[in-house]
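What follows is a single structure, written as structure tokens, with notes after it.
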Amino acid sequence: MKKIKNLLPALMAVGMLLGMHACKPKNAGNTISSDAAGKVYIAPGKYDEFYNFVSGGFSGQMSVYGLPSGRLLKVVPIFSVNPENGYGYSEETKPMLMTSHGFIPWDDQHHLDLSQTNGEIDGRWIFANANNTPRVARVDLTTFHTAEIIELPNSAGNHSSPFITENTEYVVAGTRFSVPPDDKNGDVAINTYKDNFKGTISFISVDKNSGKMDIAFQLQCPAVNFDLSHSGKGPSSGWFFFSCYNTEKANTLLEVNASKRDKDFIMAVNWKKAEEYFKAGKGRKQSVKYAHNFYDEKTHTATSEFKTEVIVLDSKELKDICYFIPCPKSPHGCDVDPTGEYIVGSGKLAALIPVFSFSKIQNAISAKDFIGDYDGIPVIKYESALYGEVKKPGLGPLHTEFDGRGNAITTMFVSSEIVKWNLKDLKILDRAPTFYSPGHLCIPGGDTKKPNGKYVIVYNKITKDRYLPTGPELAQAAQLFDISGEKMQLLLDFPTIGEPHYAQAVQASLIRDKSVKFFKIEDNNHPYVSKGEGTTKIVREGNKVHVYMTLIRSHITPDNIEGIKMGDEVYFHTTNIEQDWDVPHGFAIKGAANAELLVMPGETSTLKWMPDRVGIFPFYCTDFCSALHQEMSGYVRVSPAGSKIPISFSTGTNMPKSDSAENK
Ligand code: K7E
Ligand code: CUA
């Protein structure tokens, strides 16, 4: 209150609304509002306590916020081209977006999962899914660069992805859309869905040290829609749980036809067993085609490799891998509590939240307590797997996270609120309105063994007018609640980029100090690097012209280039030879049909340019880098195709020829 007086009226309004829902009058009004402002206030120059990594939905990117302030720190491009820094436009990053369908400059990014060691966040990498053209990416949290993208064969709608095991042994990715396997003739009638379509779960191995991914094996499954997933932990180590809808196997008007059954499933997968079968050679080799793209920080260059084989295990033939557990009405979220004993299924259309017990599931499997099978996979009796039901939680439960104090918090899409309940007695403890239909929520470490139950952040599904109007589309939003006390307290709204889905948050100390400040120029192994101005040059190979260029405050070398001809393909290989934190330079040239480059100190980045006319083309640095940034520029002369002008280049020596009046 003392600090930000002008926020008070707005905060009081929020406080009053909260007060209407809170049980205890002491929580109403001024008390909340005044201390809400103080709780999210980070003084200028001070760092936030948490990083919040938020999926960008249809933007294809991930954005990074500081919490509790809600300040946007960075947008990390993953699956979409990003003109802001040239990702997907530079020659070095184009291969990152290669797929078996060719270059794909966009995707729909829903879920993020931070790497873990012993079930706790280790701050090394964050994994991201692409829904549309199925891919999984790994972002390196020392550089905040997308380091690797792997495409998934036999897949469509890569939604229950990417979820990791306790020690990041595997990243797992399940298909939302079943399709005919890639090696089968896919030219089939759509209404032969039940016969020809298959679901697939990919197990992507992650190298302990380098993080490098590889598809270890895939599990072929019945043609249900896998929606979400989480791995077991503690006692349920070695297991994975997937929510499944469309167990009706409908192929049209799913809205009606996939909502018929009273219960769909959670599929429990014994991945240790699957791994055993895989190692024992029980899988079938299948020919497929998928891209594996890797960004090498030594060459600052990505390469794309096509792989042609995958090992597929059949969940129907190989017993003891998969079990179905009935779960009410089109489950969406599938969340495992910090102890690993409770599995929470959130049925979008259900009026309760079922909580399953891992030990009861194990007993039911041993006792073969099945009600039958579904496509050859045993279905465990609901009551035998159930720990209990949370009654009247609210309407439209979607996702659940855990506070580490034995409580769960679930988002309610339809009743627009979050609901806190106790895992032991399944009693509702508190509810708080979110003022919009929420989707995912995130507690720092909320899906790990050790949540930090200080805050929950709740992301919108349906945008509401929480901010100034911006035309037909309203701002996407997140809300931050303090959950450290008995009652949840709304502290802050902040806008997000793209439609937010899952998010992760982690104590800043785990990542902050490992952040790379600049790339060492002596370690730069880019084939077209210039390590100093003295090594800059221009090499013509037929119609390909390679310009070896350096950027340093505040000039570009070379800055006068002649001898370029129509029909040339010019590659500007720009090396930023600064060796200091926070001195990027940019590069752009008139008429370039892509985007600028933003080159970090010690990095080399290449812009391809094909002049479309004869004339003089200026180029310049796009990032304000010094008081003389505006001077950081140059010219290219383009001559007709048959011209005899030789290649020439210089900086500071090509002095004015004419002795005009101004020069005297
Ligand atoms: Cu938005 Cu995780 Cu795609 Cu739920 S999903 S909300
Ligand atoms: Cu370099 Cu501006």
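Straight-line reach from Lys537: taking Cα to Cα under 20 Å and skipping same-chain neighbours fewer than 8 places apart, the aspartates and glutamates in range are Glu91, Glu92, Glu522, Asp559, Glu562, Asp568, Glu569, Glu578, Glu603. Rounded to the nearest 20, the size of the Cβ-charge dipole of the chain about its Cα centre is 1100 debye, with Lys and Arg at +1 and Asp and Glu at -1. Distance from the Cα centre of the stretch 203-219 to that of the stretch 599-650, in angstrom? Result: 42 Å between the Cα centres.
Relative protection proxy for 473-485, 294-306, 345-357, 530-542, from highest mean packing down: 345-357, 473-485, 294-306, 530-542 (other beta-carbon atoms within 10 angstrom).
When the chain is described by a simple charge dipole with +1 on each Lys and Arg Cβ and -1 on each Asp and Glu Cβ, the residue from Ile377, His145, Val638 located farthest towards its positive end is Ile377.
Each peptide among 437-449, 509-521 gets the average number of other Cβ atoms lying within 10 Å of its residues, and from highest to lowest they stand as 437-449, 509-521. Relative contact order for the chain: 11 percent, from Cα pairs under 8 Å spaced at least 6 residues apart, divided by residue count.
Membrane-span-like helices in the chain, defined purely by DSSP H runs whose alpha carbon atoms cover 18 Å or more axially and whose average Kyte-Doolittle hydropathy reaches 0.0, are 8-21. Annotation: aspartates and glutamates with alpha-carbon distance below 15 angstrom to Lys212 (same-chain offsets under eight excluded): Asp140, Glu148, Glu151, Glu169, Asp296, Glu297, Glu305.
Placing R0 at 56 angstrom, the Cβ-Cβ distance between Asn525 and Ile371 gives a FRET efficiency of 0.40 after rounding to 0.05. With a threshold of 27 Å on the Cα-Cα distance, the over-threshold entries among Lys184/Lys307; Lys39/Lys517; Lys263/Lys368; Lys260/Lys319; Lys249/Lys424 are Lys39/Lys517; Lys260/Lys319; Lys249/Lys424. Of the solvent-accessible surface of the chain, computed with a 1.4 Å probe over protein heavy atoms with every protein chain present, carbon and sulfur atoms account for 54 percent.
Cα centroids of the stretch 222-280 and the stretch 161-198: 11 Å apart.
Look at the dipole of the stretch 438-516 built from charges on Cβ: of Gly439, Leu474, Val516, the Cα furthest out on the positive end belongs to Val516. For Phe163, the residues whose amide H sits under 5 Å from its own are Val172, ignoring neighbours fewer than 5 places away on the same chain, with H placed 1.01 Å from N.
The values are calculated or read from the model by the stated rules, or taken from the named source; none is laboratory data. What you see is a predicted model; the values in this text were computed from it and never measured. Don't worry about glycine lacking a Cβ; one is built from the backbone with ideal geometry, like all the others, and counts go over all protein chains shown. Please note that ligands, DNA and RNA were not included when accessible areas were found on the heavy atoms of the full protein model with its side chains. Shrake-Rupley method; radii C 1.70, N 1.55, O 1.52, S 1.80 Å.
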